[in-house]
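To keep things clear, I will list the structure first and then write my remarks on it.
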Amino acid sequence: MKYIPKGMGWIDVITGCMFSGKSEELIRRLRRVVIAKKELVVFKPEIDDRYDEAYVVSHSAQKIEAINIRNSNEIARYIKDTTEVVGIDEAQFFDRGIVDVVGELASRGICVIIAGLDQDYKGKPFGPMPELTAIADDVLKTQAICMRCGNPATKTQRIVKNDAQILVGANELYEARCRNCFEAPEA
Ligand code: ZN
């Protein structure tokens, strides 16, 4: 999003692999919203408790205040008539209901800015991200640098053995990898 639309809703999605700067970009956009004195509310899933409970925090330690919620249907209770912008981080961890919630917010004239992983550690679409990307007005795909060869990286390699789709952590558990260096775990 190049500017904040007036008099209409909007959905921005920022998506890519780990270490690609999604949260930095989300925070950058949300800070502009704060500077513009727009009414903002930011959400993140409670599962993501790294760094700081009540903030969206990037790997480079930028942060912005956020509300931890467990389920997409909790969002409605924090939305006021005056809410203009909604931020959502780590959207891949939310239930599918988030797609309808986001659509509803946009139809009420709210600008929704979403960040999330596009693929899981197997290289498969992650949670509600495919649908959120489809209904978005604007999508930014962010790339990292392959930690093995230096090519542009679009995959998240899990470097520990664990079959859970959700395994929260960063540096010690994952690496950004390019398509050549990514090794999909055996099914
Ligand atoms: Zn590579």
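Quick notes on this structure:
- Taking Val160, Val56 and ordering them by how much accessible surface each has at a 1.4 Å probe, largest first, produces Val160, Val56.
- Accessible area per residue, Å², region 10-143 with all protein chains present, probe 1.4 Å: 45 Å²
- Amide H to amide H, with H built 1.01 Å from N, Ile88 comes under 5 Å of Phe43, Ile113, Ile114, Ala115, counting only residues 5 or more places away or on other chains.
- Heavy-atom accessible surface of Asp163, to the nearest 10 Å², is about 120 Å², with a 1.4 Å probe and all protein chains retained.
- Ordering Tyr78, Ile114, Cys146 by Cα displacement along the dipole of the chain toward the positive end leaves Cys146 in first place; charges were set at the Cβ atoms of Lys, Arg (+1) and Asp, Glu (-1).
- By average C-beta atoms within 10 angstrom, highest first, the peptides 96-105, 177-186: 96-105, 177-186
- Coupling constants for region 149-165 follow from the phi torsions by the Karplus curve (6.51 cos²θ - 1.76 cosθ + 1.60, θ = phi - 60°), and in residue order they are 10, x, 6, x, 10, 10, 10, 9, 8, 7, 9, 10, 8, 6, 9, 6, 5 Hz; glycine and proline get x.
- The chain - percent relative contact order, Cα under 8 Å, separation 6 or more: 29 percent
- If R0 is 35 Å, the Cβ-Cβ spacing of Glu183 and Arg108 corresponds to a FRET efficiency of close to 0.20.
- Proximity of backbone amide H atoms, modeled 1.01 Å from N, is registered between Leu140 and Val13, Ile14, Thr15 at under 5 Å, excluding neighbours fewer than 5 places apart on the same chain.
- Here the chain exposes an accessible surface that is 49 percent carbon and sulfur, computed with a 1.4 Å probe and the other protein chains kept in place.
- Calculated from backbone phi, Karplus (6.51, -1.76, 1.60) coupling profile of region 109-124 in Hz, x at Gly/Pro: x, 8, 8, 10, 10, 10, 10, x, 6, 7, 10, 8, 6, 8, x, 9
- Shown in residue order for region 36-44 are the 3J(HN,Hα) couplings computed by the Karplus curve 6.51 cos²θ - 1.76 cosθ + 1.60 at θ = phi - 60°: 6, 6, 7, 7, 10, 9, 10, 10, 8 Hz (x for Gly and Pro).
- Whether region 10-143 is rounded, prolate or oblate, judged on the alpha carbon gyration tensor where a/c under 1.5 counts as rounded: rounded
- Computed from the C-beta positions of Cys149 and Ile47, the FRET efficiency with R₀ = 30 Å rounds to 0.40.
The values are calculated or read from the model by the stated rules, or taken from the named source; none is laboratory data. Everything quoted here is computed from the prediction, not taken from an experiment. Here Cβ is always computed from backbone atoms with ideal geometry, including for glycine, and neighbour counts include all displayed protein chains. Calculation scope for accessible area: heavy atoms of the full protein, side chains included, ligands and nucleic acids excluded. Shrake-Rupley method; radii C 1.70, N 1.55, O 1.52, S 1.80 Å.
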